[in-house]
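Here's the structure we're looking at; comments come further down.
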Amino acid sequence: MIDVVSLPPLATVQDLGRVGHWRQGLGRAGAMDPLAHRAANWLLGNHENAATLEIPLTPARFVIAQDTVFSMAGAACGARLDGVALPRCWAGPAKAGQELTLGVMDGGARVYLGLPGGIDVPMVLGSRSTQLREGFGGFEGRVLMPGDRLRAAAPSPIMPEISCALPGPRPEGSDDIVLRVLPSSETNEFSAQSRDAFFSDAYKVTPASNRQGYRLDGPVLERDATGELRSHGIAPGIVQVPGGGQPIIQLADSATMGGYPKIACVIEPDLWRVGQARPGDTLRFELIDTATARAAEREEAVTLNALRSSLAHLGHLQKVWS
Amino acid sequence: MFSEADMARLIEVMRQTATTHLTVEGAGEYLSLGLRPAGSASARAISSAPVKMIKSSALGVFIHCGGDDGLQKVEPGARISARQVLGYVSLDGARNPVRASEAGVLKSSTPEEGQIVGYGDVLFEMECDA
Amino acid sequence: MAETGLFPIGSRCFLYQVDCPFDLNHQRRFWAMADAMAERDGVAEAVPGMTNLTLRFEKVPEDLDALERDLQRLWVEGRQKDLTGKILEIDITYGGSGGPHLREVCDLTGLNIDEVISLHTAPDYVVFAVGSHAGYCYLGGLDPRLETPRRKVPLQSLPGGSLSVAGLQTGVSASAGPSGWNTIGAADVSFFDPLSVPAALLMPGDSIRFRAAEVIA
């Protein structure tokens, strides 16, 4: 059990999302950085879909209410347990009364807090994610507040501390976050100059960015065609261009239908990188084809598998040693 | 009857006054204390700041802290607080954190980044606070 | 006009659209296609839009050309799905604080309040698609005399149950959220309850009839 002492009002309980209800107009929700969410679970030996607390804004302060193991993964945030600095991806034991503090986030935008078996919130429509607009799921359908108590869904195992490597959102040596995109239905309706700009220039994440979507700022994108589109399904990763010519990436809490022209869509295996992008960060869009998207999906599966099995293996060895 | 604290205080006084031999009488007992002459640095280091070796608890690849983990880099000479993470022994991406057992000053960091270390290999030496 | 074809809207989500008129008969073809595609291997979800169809796959689909051919074949087959026959009657309070733009809609359409309400309550509106937010119904059938432009400055948050018009569309919001439409009334109705099965009150093919329970001029 962990008590929330202070926390900016944007943290929500999430799992890998509430899929299967698109036909009823229900968005996916789920962790904005599914990679860090999974790591926070695997560090504890949880299932990857166990609920974690997604924290997009710090500083924050928690008190351990009862001896427990817990985990953290995602952006570095100067986490300290009773003043002792913790690695950014870490799981280990804590004693009742100990204080967990999170400071300034660095190099990312979200950190995930995990508990044994996941955070104990009810499963609604197949998921424990918070549906913020509809006000259900997660922790009472809302953001976490000071005074809230996070309970573990399973008893705390006896385990020594463990850490892991987790990639950052940027390629080695790059200032920009690079996102691989597929062309979408209106890509060819944008002027050649706009397409060149979009697929080569950097776009800055503006402060008007949240779980619904990120508004970007960069070279204006002009569509040669006119006329409104009929509303159609949209999904996280779609890059829409409203009348002003500045793109928006729709994300985990996006609407399920929309009608703005679409210049591209970010592939699923790169969405976690957007989840770690902060206002002021720069994004670049690399145009790929579906064969490359297929390969990226396979690579992602290999990477995730390697992380999961290495954590499970070390967890097993630690048990043998102790 | 002399307690350990009494003896520690006496030794401290002997050091300060460069006394090498001291006999004390009290409560029907004699205590005779001998100290090696001052000036020997190693003797001072051993007695005033015990050096502690931090060893690997596992077989794996050694990784310094301060790389991708959001922690400060730790160089020899740096002050170390108790329980501070100093590095990791890594196995295929999963990492065993290596911590200082107590506060002090880091003297040396033995393995190179990426070096394979075995169980019991010395990873760090530190001078613990007296 | 929409270019006919299959387009990615995500690496696992694809939009199939056809250059066709926007009317109920064409919409009924997309409902039938959605049902057919939902049965296909690898398709996780098939969702009708406004004369288009969105598909979600578990993985990036292997053969997009074959997929597009199948969709084209289904489209040409032209099977139509019937209306369900379910009609939901919704009591509306037109105007007042729940319908702050009723007077503006009168100004924009050149109609008086009684005329706006009588035109708006006249038809049975067919639920063409459900989406945007949970339980929200895209309705077909608004009288063209009630056509208005979207608002230049959207409202940051409009309560659930708000009845709005914009362009040739009308609808009642199912939960609180931003809106760029003209809000002319309010209803006390729950379009989505996560604890009900199904959670959404209405599905494509159902209909809505509005009743003026109260008018606050």
Neighbour cut-off at most 15 other Cβ (10 Å), DSSP loop, GluC sites (Glu not before Pro), the stretch C:1-67: C:Glu3, C:Glu39, C:Glu58, C:Glu62
Area hidden from solvent between A and B (accessible, protein heavy atoms only, 1.4 Å, total, Å²): 1500 Å²
Options C:Phe7, C:Ser162, C:Gln27, ranked by Cα towards positive dipole end of chain C, top entry (Cβ charges): C:Ser162
Three principal axis lengths of chain C [C-alpha, angstrom, descending]: 58, 38, 35
Surface per residue (accessible, 1.4 Å probe) for the stretch C:87-216, Å²: 42 Å²
Computed E for A:Phe199/C:Asp23 - FRET, C-beta separation, R0 51 angstrom, nearest 0.05: 0.85
log₁₀ of I(q)/I(0) at q = 0.12, 0.14, 0.22 Å⁻¹ - the stretch B:51-128, Debye sum with one point per alpha carbon: -0.27, -0.37, -0.95
Delta accessible area of at least 50 Å² on complex formation, residues of the stretch C:189-214, 1.4 Å probe, chain isolated as reference: C:Phe192, C:Pro194
Over the protein assembly as shown - Rg/Rh using Cα atoms and the Kirkwood inverse-distance radius: 1.12
Computed P(r) (all Cα pairs; chain A; 20 Å bins; percent): 33, 55, 12, 0
Proximal charge balance of C:Val43 [Cβ under 14 Å; K/R count +1, D/E count -1]: -4
Projected label distance in nm at A:Arg149 and A:Ala291, using a 7 Å step from Cα toward the beta-carbon: 5.9 nm
Nearest-20 debye value, the stretch A:98-166 charge dipole, Cβ charges on Lys, Arg, Asp, Glu: 200 debye
Paramagnetic label zone (point 7 Å from Cα along Cα-to-C-beta, C:Gln80; backbone N under 19 Å) in the stretch C:1-32: C:18-32
Kirkwood Rh and Cα Rg combined as Rg/Rh, the stretch A:261-303: 1.00
Number of partner chain Cβ atoms within 10 Å, mean per residue of B:75-84: 1
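Give the carbon-plus-sulfur fraction of the accessible surface of the stretch A:1-76 in %, rounded to a whole number; probe 1.4 Å, heavy atoms of protein chains only. Could you put the intermediate results ahead of the total?
Details: 1090 of 1950 Å².
Carbon with sulfur: 56 percent of the solvent-accessible area.
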Given charges at beta-carbon only (K, R positive; D, E negative), |dipole| of the stretch A:39-157 in Debye: 80 debye
Threshold 20 Å², the stretch A:10-54 residues less accessible with all protein chains present than alone (1.4 Å probe): A:Val19, A:Gly20, A:Trp22, A:Arg23, A:Gln24, A:Gly25
Computed magnitude of the charge dipole of chain A (debye, nearest 20; Cβ of K, R +1, Cβ of D, E -1): 620 debye
Where labels lie 7 Å past Cα in the beta-carbon direction, separation of C:Asp143 and A:Ala192 in nm: 5.1 nm
Cross-link table A:Lys204/B:Lys73; A:Lys95/B:Lys107; A:Lys262/C:Lys152; A:Lys319/B:Lys55; A:Lys262/C:Lys86, entries beyond 26 Å C-alpha to C-alpha: A:Lys204/B:Lys73; A:Lys95/B:Lys107; A:Lys262/C:Lys86
Cα lying deepest toward the dipole's positive end in chain A, options A:Ser310, A:Gly117, A:Ala85, charges on Cβ: A:Gly117
Per-residue average of Cβ from other chains inside 10 Å of C:117-130: 1
Carbon plus sulfur fraction of accessible area for chain C, probe 1.4 Å, in percent: 50 percent
Fraction of accessible area attributable to carbon and sulfur, the stretch A:253-322 (%, probe 1.4 Å): 55 percent
Ratio Rg/Rh, restricted to the stretch C:87-216 and using Cα atoms, in which Rh is the Kirkwood radius: 0.94
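Is it possible to state the helix-based mean residue ellipticity at 222 nm for the protein assembly as shown, with each DSSP H run of 4+ residues giving -39500 (n - 2.57), the sum divided by total residues, to the nearest 500 deg cm²/dmol? What is it?
-5500 deg cm²/dmol
List the accessible area buried at the contact between A and C, summed over both sides and calculated with a 1.4 Å probe, in Å² to the nearest 100.
3700 Å²
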Euclidean distance of C-alpha centroids, the stretch A:95-109 and the stretch A:195-258, integer Å: 33 Å
Rg(Cα) / (2.2 N^0.38 Å) computed for the stretch A:99-239, rounded to two decimals: 1.44
Lys/Arg +1, Asp/Glu -1 at C-beta; the protein assembly as shown dipole; positive extreme among A:Ala197, A:Ser254, A:Pro146: A:Pro146
Sites excluded, GluC sites (Glu not before Pro) in DSSP loops with at most 12 other C-beta within 10 Å, longest stretch of chain A: A:1-171
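The values are calculated or read from the model by the stated rules, or taken from the named source; none is laboratory data. Note that the structure is predicted; figures quoted are calculated from it, not measured. Please note: Cβ atoms are built from the backbone with ideal geometry, for glycine as well, and neighbour counts cover all protein chains shown. Surface accessibility is based on the protein's heavy atoms, side chains included, excluding ligands, DNA and RNA. Shrake-Rupley method; radii C 1.70, N 1.55, O 1.52, S 1.80 Å.
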